[in-house]
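Here's the structure we're looking at; comments come further down.
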Amino acid sequence: MYRLIMNPSMIMTWVLGLILVGIPGVVDWGSGWFYVKFACVLGMTWFHHWLGQRRKDFVADQNSVTGRHYRLMNEVPTVLMLVIVIMVIVKPI
């Protein structure tokens, strides 16, 4: 799932997002919502790579992360996604 779904999805998100940002008039560079959204997308990318490293640890039977830590980290993409959607739809800043 990581290689066949998550990696291509992340790559396409970045490619299409950068194309969209390159279109004049799509982004209001003076408002802060875009920068908050961009920071959250960077956070999602970091989380994606963190999960990839945890997967490698499992394959090598070297997992050192506790179940509690995984349960807490499970909330990270949900919070980031909510912030991203709110920034795009409401544009509060």
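Taken together, the values in this text are just the output of simple stated rules run on the coordinates, not laboratory data. Quick caveat: nothing in here was measured; it's all calculated off a predicted structure. Methodologically, a virtual Cβ is constructed for each residue, glycine included, from the backbone with ideal geometry; neighbour enumeration extends over all protein chains shown.
The chymotrypsin sites (Phe, Trp or Tyr not before Pro) of the chain that DSSP puts in a loop, and whose beta carbon has at most 13 other beta carbons within 10 Å, are Trp29. Both numbers refer to the Cα atoms of the chain; Rg and Dmax are 15.9, 50 Å. Along the axis of the charge dipole computed for the stretch 27-89 (Cβ charges of +1 for Lys and Arg, -1 for Asp and Glu, origin at the Cα centre), the listed residues Tyr35, Val76, Gln53 are led at the positive end by Gln53.
Each Lys and Arg contributes +1 and each Asp and Glu -1, all at the Cβ; summed about the Cα centre of the stretch 27-89, the dipole is approximately 160 debye. Here the calculated FRET efficiency for Glu75 and Leu4, from their Cβ-Cβ distance with R0 = 35 Å, stands at 0.90, rounded to the nearest 0.05.
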